[in-house]
Amino acid sequence: MFDLETTGISCEKDRIVEISAVKVENGKVIEEFSELINPECKIPYYASRVNEITDEMVKDVRTFDEVLPDFLGFIGDSILVGHNIQSFDMKFLYRECRELYGETLANDYVDTLYYSRRMLPKLSHHRLTDMAEYFDISTAGAHRAMNDCRMNHEVFERLHIIGK
């Protein structure tokens with residue numbers, strides 16, 4: 001599982017401010033990775049209001065070009081799993097990898113947004129917090145990358161049970 005928090009929704013101009021991931025084996029989290037990232041720009045008020053990450057929190061942390069090698073080492077060739085990653089998170093990662101390395105990320109991925117729509121088509125909303133509430137999973141700390149990874153892991157495990 002992985003998740004990003006950003007300065008906005010444009011994968012072309014906005015920047016990553018937090019990246020987190022969890023490794024899962026046999027349904028259990030076995031390792032975690034999480035870092036705040038200095039976006040080298042001011043974080044807009046509306047973004048801070050959602051993810052609660054402020055300029056003060058990121059002013060003395062590493063930039064994404066410094067963090068990316070550690071993240072890539074953590075994920076290796078794992079299949080990436082996340083909620084709405086096809087149209088959001090992966091686009092940010094692809095852009096950063098192209099800019100820094102001249103190539104895109106090769107990892108395959110599973111987007112649990114599409115998985116939830118397929119498994120529970122009668123639900124009217126499939127946001128991560130909606131899915132967590134549906135499965136009676138705490139949404140405390142939503143919109144911080146590690147909390148979303150943990151929440152998504154639990155949602156994914158329950159969706160997987162439905163899919164059996």
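The values are calculated or read from the model by the stated rules, or taken from the named source; none is laboratory data. These numbers come from a predicted model, not from an experiment. All Cβ positions, even for glycine, are placed from backbone atoms using ideal geometry, and neighbour counts span all protein chains on display.
Within this structure, Met90 passes the test of being without any contact (Cβ under 8 Å) to a residue 60 or more places away in the chain, touching a strand residue (DSSP E or B) at 6+ places or on another chain (Cβ under 9 Å), surrounded by 19 or more Cβ atoms within 10 Å (Cβ to Cβ) and under 27 Å from Val50 (Cα atoms).
Evaluated against (1) surrounded by 14 or more Cβ atoms within 10 Å (Cβ to Cβ); (2) over 18 Å from the mean Cα position of the chain (by Cα), Glu56 falls short on exactly one condition, (1). When the residues of the stretch 93-121 are filtered to those that are under 21 Å from Gly8 (Cα atoms) and over 13 Å from the mean Cα position of the chain (by Cα), the one that is surrounded by the most Cβ atoms within 10 Å (Cβ to Cβ) is Glu96. Taken together, the residues in the stretch 72-87 that are touching a residue at least 40 places away in the same chain (Cβ under 8 Å) and surrounded by fewer than 20 Cβ atoms within 10 Å (Cβ to Cβ) amount to 5. If you go through the stretch 24-41 and keep only what is surrounded by fewer than 16 Cβ atoms within 10 Å (Cβ to Cβ), more than 23 Å from Ile53 (Cβ to Cβ) and not acidic (Asp, Glu), you end up with Asn26, Gly27, Lys28, Ile30. Is one or more of the residues making up the stretch 87-94 part of a helix (DSSP H, G or I), modelled with pLDDT of 95 or more and among the basic types (Lys, Arg)? Checked the stretch 87-94: at least one residue is part of a helix (DSSP H, G or I), modelled with pLDDT of 95 or more and among the basic types (Lys, Arg).
The number of residues in the stretch 1-39 being without any contact (Cβ under 8 Å) to a residue 12 or more places away in the chain, in a loop (DSSP other than H, G, I, E, B) and farther than 20 Å from Met90 by Cβ comes to 1.
Go through the residues of the stretch 122-138 one by one and say whether even a single one is within 16 Å of the chain's Cα centre (by Cα), surrounded by fewer than 19 Cβ atoms within 10 Å (Cβ to Cβ) and among the small types (Gly, Ala, Ser). So far as the stretch 122-138 goes, no, none of its residues is within 16 Å of the chain's Cα centre (by Cα), surrounded by fewer than 19 Cβ atoms within 10 Å (Cβ to Cβ) and among the small types (Gly, Ala, Ser).
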